[in-house]
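A.B. asks: Let me give you the structure first, and then I'll get to my questions.
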Amino acid sequence: MRKIYALIAMMLFAVCPMAMAEEAAAAEKEISWSSPVNYFSEGLNAGFSATIVGYTDGTYAIKGIYGSEDDLEFTIDSESVVENIPEIVLTNYYAESAPYYYFHAGKYDICVYYQKGEGYTGWEGEAEEPSVWFYTYVYEGETCVGSGYDIVTWKKIAWSAPASYYSEALDQTFDATIISYTDGSYTVKGVYGSEEDVLEVTVDNENVIEGIPEVVLTNYYYVEDPYYYFHAGKYDFCTYYVKGTGYTGWEGDAEEPCLWFYTYLYEGENYVGAGYDTVYWNKADASSISSPKGGASASDRITSLSGINYSQSAKLPAGLYVKNGKKVLVTK
């Protein structure tokens with residue numbers, strides 16, 4: 001009899017891993033949308049880049065918390081609304097002693113305080129820049145290094161389209177993507193073929209030259225007016241911009257609209273050349289990307305918190321940021 005039991009056990013051991021793998025594959029969530037976000041920790045007084053993902057089953061994940069490879073998963077509790085803002089419930093904690101829920105994030109452990117109906121977590125989904133927030137105690141080893149709100153903010157995407165990025169200095173075209181946000185700003189991904197570096201752009205409709213509005217590039221890492229410096233892959237480049245001179249532009253009414261700006265291109269210390277960079281795309285290829293909806297208007301308390309989007313400059317990627325109402329320049 002023992003041999004029969006042993007044989008059955010061996011058969012189960014052989015079959016179960018495959019069954020478990022198939023079950024895990026079947027249980028894999030389908031992504032509905034995703035967006036890059038700013039992740040700010042009041043406890044650390046530091047900001048990080050992360051990504052928020054929405055799944056088709058109505059759940060969410062914040063990937064890259066505290067600059068780590070760890071995720072936070074949560075759901076929106078639309079039945080628990082405090083001051084018109086629905087609470088969120090974090091779901092992938094490794095330990096809990098209610099109302100404290102524990103998570104791991106890189107070298108940190110964080111403890112989230114959550115008690116239904118008290119407003120210590122929330123989703124502000126109707127604003128132009130929606131946010132998720134929750135109250136945490138941050139530990140490094142056994143030491144509590146700070147506490148406060150963790151605030152995740154991002155822009156709502158209106159549409160996106162595949163684009164081409166042409167450099168006159170290189171006489172070369174790169175595959176790119178242009179993303180339009182509901183606040184009227186734009187992001188160009190794929191600058192000089194870089195998958196990591198982007199350009200952020202606004203259109204200056206108050207300054208129009210020969211029927212063409214100028215564009216303003218906003219995420220430069222250094223400025224010596226009128227030269228604004230950017231990084232993209234192996235290149236550094238600076239754009240020349242003086243309001244009213246027509247060195248940048250947006251032609252948005254054509255069937256194949258484009259934006260353009262004048263650049264001086266460098267590879268390391270070597271000057272490569274100068275000329276116009278042009279981003280062009282086809283309107284017919286633009287796709288609408290729906291954003292999730294949460295609660296209604298924000299309370300005064302959360303409005304003040306959601307303004308804290310940035311942190312100590314050493315924690316941020318290169319760019320121009322606002323901290324305590326003042327501009328802070330961060331270089332690489």
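A short reminder: the numbers here are calculations on the coordinates, not readings from a lab. All figures in this text were calculated on a predicted structure; none of them were measured in a lab. In this analysis, Cβ positions are derived from the backbone assuming ideal geometry, glycine residues included, and neighbour counts consider all displayed protein chains.
A.B. asks: Give, rounded to the nearest 20 debye, the magnitude of the charge dipole that the range 49-132 has about its Cα centre when Lys and Arg contribute +1 at Cβ and Asp and Glu contribute -1 at Cβ.
C.D. replies: Charge dipole, the range 49-132, about its Cα centre: 300 debye, nearest 20.
A.B. asks: Can you tally the net charge around VAL145? Count Lys and Arg as +1, Asp and Glu as -1, for every other residue whose Cβ sits under 12 Å from the Cβ of VAL145. Can you show the working numbers first?
C.D. replies: Values: positive: LYS107; negative: GLU42, ASP109, GLU140, GLU142.
In short, -3.
A.B. asks: When Lys and Arg each count +1 and Asp and Glu each count -1, what net charge do the other residues less than 11 Å away from LYS107, Cβ to Cβ, add up to? Mind showing how you got there, number by number?
C.D. replies: On the way: positive: none; negative: ASP70, ASP109, GLU140.
Net local charge, LYS107 excluded: -3.
A.B. asks: Show me 219-228, 109-118, 157-166 ranked by packing, highest mean number of other Cβ atoms within 10 Å first. Intermediate results must be reported in sequence, preceding the final value.
C.D. replies: Details: 219-228: 14.8, 109-118: 17.2, 157-166: 18.8.
Descending packing order for the listed peptides: 157-166, 109-118, 219-228.
A.B. asks: Still on this structure, please answer the following. Projected area of the range 138-188, taken from the Cα convex hull and averaged over every viewing direction, in nm²?
C.D. replies: Averaged projected area of the range 138-188's Cα convex hull equals 7.1 nm².
A.B. asks: Could you pull out the pairs from LYS63/LYS243; LYS63/LYS189; LYS29/LYS283 whose alpha carbons sit more than 29 Å apart here?
C.D. replies: On the way: LYS63/LYS243 39 Å; LYS63/LYS189 19 Å; LYS29/LYS283 31 Å.
From LYS63/LYS243; LYS63/LYS189; LYS29/LYS283, over 29 Å: LYS63/LYS243; LYS29/LYS283.
A.B. asks: What is the range 56-116 by shape, rounded, prolate or oblate, if you read a ≥ b ≥ c off the alpha carbon gyration tensor as root eigenvalues and call it rounded for a/c under 1.5, prolate for a/b larger than b/c, and oblate otherwise? Let's see the in-between values first.
C.D. replies: Working: a/c = 2.23, a/b = 1.43, b/c = 1.56.
Verdict is oblate for the range 56-116.
A.B. asks: Would you please calculate the Kirkwood hydrodynamic radius of the range 157-288 over all C-alpha pairs and express it in Å, rounded to one decimal?
C.D. replies: Values: mean 1/r = 0.0675 Å⁻¹.
Roughly 14.8 Å, rounded to one decimal.
A.B. asks: When Lys and Arg each count +1 and Asp and Glu each count -1, what net charge do the other residues less than 13 Å away from TYR276, Cβ to Cβ, add up to? Before the final figure, lay out each step's value.
C.D. replies: Values: positive: none; negative: GLU168, ASP171, GLU251, ASP277.
Taking every other residue near TYR276 into account, the sum is -4.
A.B. asks: Mind ordering 168-175, 56-63 by average Cβ neighbours within 10 Å, highest first? The partial results should precede the final answer.
C.D. replies: Values: 168-175: 14.0, 56-63: 15.9.
By packing density, highest mean first, the sequence is 56-63, 168-175.
A.B. asks: Further question: For the range 157-288, what is the charge dipole size about the Cα centre, in debye to the nearest 20, if Lys and Arg each add +1 at the Cβ and Asp and Glu each add -1 at the Cβ?
C.D. replies: Working: 4 positive and 23 negative charges, 24 e Å.
The calculation lands at about 120 debye.
A.B. asks: Using +1 at the C-beta of Lys and Arg and -1 at the C-beta of Asp and Glu, which of GLY190, PHE134, LEU170 has the Cα lying farthest in the positive direction of the dipole of the range 110-207?
C.D. replies: Toward the positive end, the furthest listed residue is PHE134.
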